[in-house]
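Novice: Following this message is one structure expressed as structure tokens.
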Amino acid sequence: MQYLLMLHVEEAGWSKLPKAQQEEGVAAYAAYTEALKKAGVHKGSNRLQPTSAATTVRVANGKSQVQDGPYIESKEQIAGYYLIDVPDLDAAISWAARCPTASHGAVEVRPVWAMQASASSAA
Amino acid sequence: MHSREGDAQARSTAEAVARRSYGKLVAFLAARTRDVPAAEDALSEAFASALADWPVNGCPANPEGWLLTVARRKVIDMYRGRRRAEIAGERLQIMAEGLDAAAANADIPDQRLAMMFACAHPAIDATIRAPLLLQVVLGLDAKTIASAFLTSPVAMSKRLVRAKDKIRQAAISFSVPEREELPARLDTVLGAVYAAFAEGWTNPGGTDVARRDLAEEAIFLGRVVTELLPSEPEALGLLALILHAEARRPARRNQQGDYVPLAEQNPSLWDVQMIDEAEDLLRRASALGCIGRYQLEAALQSAHVFRRRTGRANWAEVVQLYDTLFAIVGSPVIAINRALAIAELHGANAGLDAIQEVAADARLAEYQPYWAARAELLAKTGAHNEARQAYELAIGLESDPVVRRFLQQRQSALKQ
């Protein structure tokens, strides 16, 4: 079962950290990613650019609207994600707890809709 | 007492009394019907009334009798409401009759132990036993328990309901097993209490309220078991073990909130009273002449305390205790601690050889202490690159940010 771990953090927090703590933070994420890979559950992960680089797009009445900035204006934003493949929700939760984000922000655990399974059953 | 302070005091007394009596009352209400949810419903109403009434009118002279009277009224209401649903009605009738008998008698029989044996019955899924005990004996809600056990609240709630249904449907008896059956059955009860404590222990800073309280609740459960089974050496051993561990809580973090390993802790920060109590329990247990895993683990704690207090190395004794413990339990977790003790006695290479014996165990791949132990031993032998990799995994597997930082510091102290 695949789960998307969405890492919600206070965006302004990172730049306020002293350099040593930023380095420690980066190293903690690297170690966490490594642990996921070693456990064979890592399917993908990325760090995202800050929401100042975000663009939000909608099409309404056949007209596209392009807006500068994130979909939701909030202090807390998604700063990255991990896609993991584990047997059940409890396993996903225990990996989420190990994610460095969990101790300063929040990790949202979302099960992935199993499209492949339904596609193959339809075929 | 109408001052705010007086109200607060009455409220905290109410909470303490209600808490102390909760398990006893659930056990009493559910013992014959085995209908734990109905007992919990009746009691939660009584409990809520007490918290509203006692701070205003003062605590009654017989708080348990008071709670039981309110619970009885609730049971009778439920009985009337469900008269046509025959099975439920029958159970509630039995419960109401029992309450009449108890109301006439000032002493409510303590059936908590029988209930604990039902909750930790081999027919109940092993992983839900500890949460179930915490709920039915202490009244903790599913949300608190779920967060402490790193499970989703919805899933925890469902599993608790399922376990209670199983007790009722499979007619698991509320009784203390016979002599010959007792050791094996007691083991599951003690295992559940220990699991509850272990969950609380992982939050040494006490920042996570649910977990900090869990350690206290587990000690409370441990005391209940030893009070009701005063001559069971393993029950005494378990309480000694968790008291020893709890006694060191104040020393596990320094003033900056950093992690302090046992070898660097300041023994004057340890809780002397708890240590004395643990030592006393251990003496009582060993006088009964039947060794077991909890007594051995408590003896190990005792040996660590002795070494740190006297400065006299006792690693040979520690290794011997681990040998015996490993022979009984055979868990890879014990093998890791044994390897660390061997390293103290015979050097880091001997420790690494010992850890190698269990390295093939698949359970260790995601076990942080395994990688941390490996890293420490590798660092001592000068294998800094391998140590760095082992630290990397330990860091990635750790969920406590304080321990993570400690491991990162150890890792960066390695020579490039």
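Novice: Based solely on C-alpha atoms, express the radius of gyration and the Dmax of the protein assembly as shown in angstrom.
Specialist: For the protein assembly as shown, the Cα-based Rg and Dmax read 26.8, 85 Å.
Novice: Given the -39500 (n - 2.57) contribution per DSSP H run of 4+ residues, what per-residue ellipticity at 222 nm results for chain B, rounded to the nearest 500 deg cm²/dmol?
Specialist: Mean residue ellipticity, 222 nm, calculated: -24000 deg cm²/dmol.
Novice: How big is region B:306-416 on each of its three principal axes, counting only the C-alpha atoms and giving the largest first in Å?
Specialist: 35, 34, 26
Novice: Same structure, new question: For region B:249-354, report the translational diffusion coefficient in µm²/s to the nearest whole number, using Stokes-Einstein at 20 °C, 1.002 mPa s, and a Kirkwood Rh over Cα pairs.
Specialist: It diffuses with D of about 143 µm²/s by this estimate.
Novice: I would also like to ask the following. Mind checking the per residue accessible area of the protein assembly as shown for me, 1.4 Å probe, whole number of Å²?
Specialist: About 51 Å² of surface per residue is accessible.
Novice: Can you tell me the dipole magnitude for region B:213-277 around its Cα centre, using point charges on the Cβ only (Lys, Arg +1; Asp, Glu -1), in Debye to the nearest 20?
Specialist: Roughly 240 debye, rounded to the nearest 20.
Novice: For a quick size check, give me the Cα extents of region B:299-346 along its three principal axes, largest first, whole Å.
Specialist: That gives 31, 21, 14 Å along the principal axes, largest extent first.
Novice: Now a separate question. Hey, got a sec? Which trypsin sites (Lys or Arg not before Pro) in region B:298-338 land in a DSSP loop and have at most 15 other Cβ atoms within 10 Å?
Specialist: Answer by residue number: B:Arg312.
Novice: Next up: Among B:Pro55, B:Ala287, B:Val305, which residue has its Cα furthest toward the positive end of the charge dipole of chain B, with +1 on Lys/Arg Cβ and -1 on Asp/Glu Cβ?
Specialist: B:Pro55
Novice: Where does each of B:Arg179, B:Arg405, B:Arg374 land when they are ordered by accessible area, with a 1.4 Å probe and the largest first?
Specialist: So the residues, ranked largest to smallest area, are B:Arg179, B:Arg405, B:Arg374.
Novice: Of all the accessible heavy-atom surface of region B:338-416, with the other protein chains kept in place and a 1.4 Å probe, what percent is carbon and sulfur?
Specialist: Carbon and sulfur: 48 percent of the exposed surface of region B:338-416.
Novice: Please list, by residue number, every one of the chymotrypsin sites (Phe, Trp or Tyr not before Pro) in region A:44-123 that is coil in DSSP and has at most 16 other beta-carbon atoms within 10 Å.
Specialist: Here the chymotrypsin sites (Phe, Trp or Tyr not before Pro) that fit, given the DSSP loop and packing criteria, are A:Tyr71, A:Trp113.
Novice: Do any trypsin sites (Lys or Arg not before Pro) in region A:23-123 lie in a DSSP loop with no more than 11 other beta carbon atoms within 10 Å, and if so, which?
Specialist: Qualifying residues, ordered by number: A:Lys75.
Novice: Could I ask something else about it? Roughly speaking, to the nearest percent, how much of region A:1-116's 1.4 Å accessible area is carbon and sulfur?
Specialist: 54
Novice: In addition: Work out the mean other chain Cβ neighbour count within 10 Å for the residues of A:31-41 and drop it here as an integer.
Specialist: 5
Novice: So, one more: Across peptide B:145-154, how many C-beta atoms of other chains are within 10 Å of each residue C-beta, on average?
Specialist: 2
Novice: Among A:Asn61, A:Val112, A:His42, whose Cα sits farthest toward the positive end of the charge dipole of region A:32-115 (+1 at Cβ of Lys/Arg, -1 at Cβ of Asp/Glu, about the Cα centre)?
Specialist: Projecting each Cα onto the dipole axis, the largest value belongs to A:Asn61.
Novice: To two decimal places, what compactness ratio does chain B give when its Cα radius of gyration is scaled by 2.2 N^0.38 Å?
Specialist: That ratio works out to 1.11.
Novice: Could you give the length gained by full extension between B:Ala350 and B:Arg185, i.e. 0.36 nm per residue of separation minus their alpha carbon distance, to one decimal place?
Specialist: 55.6 nm
Novice: Give me log10 I(q)/I(0) at q = 0.14, 0.16 Å⁻¹ for chain A, Debye formula, one equal scatterer per alpha-carbon, no solvent.
Specialist: For the requested q values the scattering log ratios are -0.73, -0.89.
Novice: Suppose R0 equals 56 Å. What FRET efficiency, 1/(1 + (r/R0)^6) with r the Cβ-Cβ distance, do B:Asp276 and A:Trp113 give to the nearest 0.05?
Specialist: For B:Asp276 and A:Trp113, the calculated efficiency is 0.45.
Novice: Let me know the mean shielding of A:90-102 by other chains, meaning the per-residue number of their Cβ atoms within 10 Å of its Cβ.
Specialist: 4
Novice: Ordering B:Glu64, A:Glu23 by accessible area with a probe of 1.4 Å, largest first, what comes out?
Specialist: A:Glu23, B:Glu64
Novice: Given the peptides B:132-140, B:250-258, B:313-321, arrange them by the average over their residues of other C-beta atoms within 10 Å, most packed first.
Specialist: Ranked from most to least packed, the peptides come out as B:132-140, B:313-321, B:250-258.
Novice: Where q = 0.15, 0.18, 0.25 Å⁻¹, what log10 of I(q)/I(0) comes from the Debye formula for region B:241-283, counting one point per Cα?
Specialist: -0.36, -0.50, -0.81
The values are calculated or read from the model by the stated rules, or taken from the named source; none is laboratory data. Not measured: the values here are computed from a predicted model. Note that we place each Cβ from the backbone using ideal geometry, even for glycine, and neighbour counts take in every protein chain shown. Accessible surface areas use protein heavy atoms only, side chains included; no ligands, DNA or RNA. Shrake-Rupley method; radii C 1.70, N 1.55, O 1.52, S 1.80 Å.
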